[in-house]
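Asker: Please see the structure below; I have some questions.
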C-alpha cells in the first residue's frame with residue numbers, strides 16, 4: 001500500500017515531473033466549488049485523519065480534485081465513511097471520495113497492464129464488472145471496458161458483481177482500483193438520501 005516513497009508506478013522511468021500528476025484518491029465536488037472542496041479535503045483528511053503527506057490538486061476538469069494521500073486510500077475512505085455516518089452534512093463541497101491503487105498514462109496499453117496487476121484482488125470464484133468514468137479523453141468507454149475485461153479470466157456480472165474494476169480517466173492520467181461495491185466509494189449524497 002502507499003508509503004512515503006511516493007506513488008506506485010508501473011515503470012521506474014517515470015519522471016519526477018509526471019509524479020506530480022499522479023493520484024490515489026479522487027474527490028468529486030459541485031462545479032465551480034473546487035476551492036471550497038479543497039479546503040474540506042484538507043480538513044477531513046489532512047487534519048482529522050492526520051495525513052501530513054496529503055497533496056490536493058486542482059484539475060482542468062470542473063468538479064474533480066486529485067489527491068495523493070500518504071495513507072492507505074481505502075482506509076481514508078472507510079474512516080471518512082465512519083465520520084460521515086454521524087456528520088454527513090459537514091461535507092458540503094467534497095461529496096464523493098474514490099480510492100485508487102494505480103495511476104498510469106491514459107492509453108489502452110497502460111490501463112490494461114495496470115488492470116492485470118490488480119487481477120489478484122478478484123478471487124477465482126468471484127464475479128466482476130468494469131466501470132469507466134472518463135473526462136477529457138478520446139478513449140471510448142466500451143473500448144476501455146472490452147480491453148480490460150478481455151484480460152480478466154473471471155465471470156462477468158453487470159448487475160451484482162463481487163468486485164468492480166473501477167477506472168477513472170482524468171485527462172492524461174488514469175487511476176484504477178478493484179473495489180467492493182457499496183463499501184469502498186464514499187458518496188455523501190447517497191448517504192444523505194439513505195438517512196431520510
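Asker: Evaluate the following for residue 128: is it at pLDDT 95 or above, outside any loop (DSSP other than H, G, I, E, B), assigned by TED's automatic domain parsing to the domain that holds residue 44 and in contact with a strand residue (DSSP E or B) (Cβ under 6 Å, 6 or more places away or on another chain)?
Answerer: So residue 128 fails the test.
Asker: Let me ask another. Check 11, 3 and return the single one that is out of contact with any helix residue (DSSP H, G or I) (no Cβ under 7 Å at 6 or more places or on another chain), modelled with pLDDT under 50, over 20 Å from residue 173 (Cα atoms) and not assigned by TED's automatic domain parsing to the domain that holds residue 81.
Answerer: Among 11, 3, only 3 is out of contact with any helix residue (DSSP H, G or I) (no Cβ under 7 Å at 6 or more places or on another chain), modelled with pLDDT under 50, over 20 Å from residue 173 (Cα atoms) and not assigned by TED's automatic domain parsing to the domain that holds residue 81.
Quick grid of which residues meet (1) under 18 Å from the mean Cα position of the chain (by Cα); (2) within 20 Å of residue 72 (Cβ to Cβ):
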residue: 158; (1), (2): no, no
residue: 168; (1), (2): yes, yes
residue: 183; (1), (2): yes, yes
residue: 189; (1), (2): yes, no
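Asker: If the Cβ limit is 6 Å and pairs must be 6+ apart or interchain, which residue in segment 57-81 that is over 19 Å from residue 93 (Cβ atoms) pairs with which residue that is not in a loop (DSSP other than H, G, I, E, B)?
Answerer: Matching pairs, first to second residue: 68/55; 73/25; 73/99; 74/99.
Asker: Of all residues being in contact with a helix residue (DSSP H, G or I) (Cβ under 8 Å, 6 or more places away or on another chain) and not in a loop (DSSP other than H, G, I, E, B) in segment 132-151, which is surrounded by the fewest Cβ atoms within 10 Å (Cβ to Cβ)? Just the residue, please.
Answerer: Looking at residues that are in contact with a helix residue (DSSP H, G or I) (Cβ under 8 Å, 6 or more places away or on another chain) and not in a loop (DSSP other than H, G, I, E, B), I get 143.
Asker: Here's another thing I want to ask about it. Before we move on, is residue 82 surrounded by fewer than 16 Cβ atoms within 10 Å (Cβ to Cβ) and outside the structural domain of residue 36 (by TED's automatic domain parsing)?
Answerer: For residue 82, the condition - surrounded by fewer than 16 Cβ atoms within 10 Å (Cβ to Cβ) and outside the structural domain of residue 36 (by TED's automatic domain parsing) - is not met.
Asker: Would you check if residue 39 is over 18 Å from the mean Cα position of the chain (by Cα) and at pLDDT below 95?
Answerer: Judged against the criteria, residue 39 is not a match.
Asker: Restricting segment 151-189 to residues that are out of contact with any strand residue (DSSP E or B) (no Cβ under 9 Å at 6 or more places or on another chain) and over 18 Å from residue 120 (Cα atoms), which is modelled with the lowest pLDDT?
Answerer: Once the filter is applied, the top-ranked residue is 182.
The values are calculated or read from the model by the stated rules, or taken from the named source; none is laboratory data. Keep in mind the model is a prediction, meaning the values are calculated, not measured. Positions of Cβ are generated from backbone atoms using ideal geometry, with glycine treated the same way; all protein chains shown enter the neighbour counts.
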